[in-house]
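Remarks on the structure that follows.
What follows draws every value from the coordinates through simple rules; no lab data is involved. Quick caveat: nothing in here was measured; it's all calculated off a predicted structure. Every residue, glycine among them, receives a Cβ derived from its backbone with ideal geometry; neighbour counts consider all protein chains shown.
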Amino acid sequence: MKIHEGMYIDGAWRPAAGTGTIAVVNPSDEQVIAQVPAGSAEDVDAAVRAARAAFPAWAATPPAERAARLTALRDALVARQDEVAATVTAELGAPPKPAHAVHAGLPVVVTGSYAELLGTYPFEEKIGNSTVLLEPVGVVGAITPWNFPLHQVVAKVAPALAAGCTVVLKPAEETPLTARLFAEAVHEAGFPAGVFNLVTGLGPVAGQALVEHDGVDLISFTGSTGVGRRVGAAAGGAVKRVALELGGKSASVILPGADLAEAVGLGIANAMFNSGQRCNALTRVLVHKDQYEEAVAIAAEAVAGHTPGKDVGPLVSADQRDRVVGYIEKGLAEGARLVAGGPEAPLDRGYYVAPTVFADVTPDMTIAQEEIFGPVVALLKYEDEEEALRMANGTVYGLAGAVWGEPGAAVAFARRMEAGQVDINGGRFNPLAPFGGYKQSGVGRELGAHGLTEYLHTKSLQF
Ligand code: NAD
């Protein structure tokens, strides 16, 4: 077991103020692999002070120089790609292939995209007799979840630094090791001291201290809707800017004109990716009644191709595993038809859950409404398009969705969906497209130019 003592504050690794620690567990074998400091309000205060002190100079640094540092950060992440992937596999349990390609690879693309965007982004705009200036908001408090330990960090830190903000990051307690690697990469990239700071710690302690700190101008939070609601209320009370990326219960709608086998097969693969621990997972599959039984058969065959311990990793913790198993039991109790999987552990060791498919799920069931965050798919049956739309939009969430069908009909349907992102006929993830939710899935957008504007104030000069 590796014991880490420092936190990255003001350009150096410093011991924590207190003695509390957090054990990091490998969810594949349940072994403790490392220990990191549990930061306190005092550590958060030191980090925020460092970020405040660094802000004026960083805000005044020309965009081209900020771009140069982000390019250096991208290169440092490339150099560490194998190490990041191995660390994500160790603390999250992601299988090596997606750990390398997605968990370690996507942040390289996103960091590079912000370095590039700075070459063209207009920080000034003319409106009549006004010049509108876009200025960095100030000190950003970034709070991230464990499901994509590096991507969630980079999706906040890269645009914040690009905008000219300085940052204090509080990563999820389950995955602090990847965040430490990120801090090392920032250091190597030559950012001035205090521009980026890392405090590891517990949500209700270090996270809450960051949200409540007077020296923080903007909180960007990704996590559960329950915590997000409290973070939003605290930020609102202090009249602080806030961005919230929360949960989802996204629908994949298969219209009668779709290629059913492709739509169901890719839908199952989507729901199993990262063991279903994705806020934008397509966890509800909506099928027309005439194609429903055929879709159930295709889903059963498709899910059999996903194997725990091979392409499907464990859940991140025993708590998450228990939560997901609880939902599977609830699905059975409420009368859904189990097509594959179930509540029994598929392996003797590790927090694994069997890839699970339920049919005959109705919109009123708990498993059709609540976010499960595990490898569990619900197949729902609709009579006509209007009912499909009511079902698709019939949850408190609105993060993502998918539509399969004849292209014109699919786009027309997508326009009526209450969701921030909709994939048409298997459209690929675009790391430059705005990502974020309608309704209780959140406030604000991440990635690309839209993600940058979250970190900018506007000021108008009249001539
Ligand atoms: P969580 O809300 O428990 O934790 C997220 C982060 O918030 C962690 O860093 C945690 O330490 C911190 N935190 C916890 N309590 C806090 C408090 N009182 N004050 C300040 N910070 C606090 O969520 P989780 O269990 O880590 O992640 C799973 C959830 O996150 C799921 O619901 C999922 O949908 C959501 N999520 C959303 C997105 C998105 O982009 N919309 C992405 C990933 C995960």
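Computed over the Cα atoms of segment 277-329, pair by distinct pair, the Kirkwood hydrodynamic radius stands at 13.4 angstrom.
The fewest-to-most ranking of 139, 109, 296 by surrounding Cβ atoms within 10 Å reads 109, 296, 139.
With the gyration tensor restricted to C-alpha atoms of segment 251-432, the semi-axes of the equivalent ellipsoid amount to 25, 17, 15 Å, longest first. At an R0 of 35 angstrom, the distance between the Cβ atoms of residue 461 and residue 109 translates into a FRET efficiency of 0.45. Karplus-based coupling profile of segment 404-414, in residue order and whole Hz: 10, x, 4, x, x, 5, 5, 5, 4, 5, 4, with θ = phi - 60° in 6.51 cos²θ - 1.76 cosθ + 1.60 and x standing for Gly or Pro. The Rg/Rh ratio of segment 360-433, with Rg taken over Cα atoms and Rh as the Kirkwood radius over Cα pairs, comes to 0.96.
Ranking 86, 447, 393 by how far each Cα lies toward the positive end of the dipole of the chain (charges on Cβ) leaves 447 at the top. Taking the square roots of five times each eigenvalue of the Cα gyration tensor of the chain, the equivalent ellipsoid has semi-axes of 38, 27, 19 Å, listed largest first. In terms of the mean number of neighbouring beta-carbon atoms within 10 Å, the peptides 306-312, 244-250 order highest first as 244-250, 306-312. Placing unit charges on the Cβ atoms only, positive for Lys and Arg and negative for Asp and Glu, gives segment 198-314 a dipole magnitude near 480 debye about its Cα centre. Taken about its Cα centre, segment 251-432 carries a charge dipole of roughly 560 debye when the Cβ of each Lys and Arg holds +1 and the Cβ of each Asp and Glu holds -1. The slack between residue 125 and residue 32, meaning 0.36 nm per residue of separation minus the straight C-alpha distance, is 28.2 nm.
About the centre of its Cα atoms, the chain shows a dipole size close to 1020 debye [charges on the beta carbon of Lys, Arg (+1) and Asp, Glu (-1) only; nearest 20 debye]. Projecting the Cα positions of 4, 300, 62 onto the charge dipole of the chain (unit charges on Cβ atoms of Lys, Arg, Asp and Glu, taken about the Cα centre) puts 62 furthest along the positive direction.
Between the residues 149, 270, 41, the greatest Cα displacement towards the positive end of the dipole of the chain, with unit charges on the Cβ of Lys, Arg, Asp and Glu, is found for 41.
In the chain, the longest principal axis of the Cα atoms and the axis of helix 260-272 are about 50 degrees apart.
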